[in-house]
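Q: Just passing along the structure, written as structure tokens.
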Amino acid sequence: MVPGRVIVRIDPRYFRPAEVETLLGDPSKAERELGWVPEIGLERMIEEMVKHDLDAARSGALLRAHGYDFAVTHEY
């Protein structure tokens, strides 16, 4: 790697003009056009997401306790 060398160039045309305050999903189009129906409900999805986050936090704590650096990312 050479200091100052451009490796990735980002086109500003693809930037969001401003961050969106609220993002809402509506599955009705997928249901109507694809015949898709959810396999789990909202409560179950929340439980799975919270469990995943807690497991990741525990894993990070265990790694740090044994001298490893662990970055928790919220982007998957």
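Read-outs: derived from the displayed coordinates by stated rules, not from any lab. Computed from a prediction, not measured in an experiment: that's the story for all the values here. Using ideal geometry, Cβ is built from the backbone for each residue, glycine included, and neighbour counts are taken over all protein chains shown.
Q: Select, from 60, 4, 67, 25, the only residue that is under 18 Å from the mean Cα position of the chain (by Cα) and in a loop (DSSP other than H, G, I, E, B).
A: Going through 60, 4, 67, 25 in turn, just one is under 18 Å from the mean Cα position of the chain (by Cα) and in a loop (DSSP other than H, G, I, E, B): 25.
Q: Report whether or not residue 43 is surrounded by 10 or more Cβ atoms within 10 Å (Cβ to Cβ) and not aromatic (Phe, Trp, Tyr).
A: no
Q: Moving on. Output the residues belonging to segment 1-59 that are under 30 Å from residue 69 (Cα atoms) and among the polar types (S, T, N, Q).
A: 59
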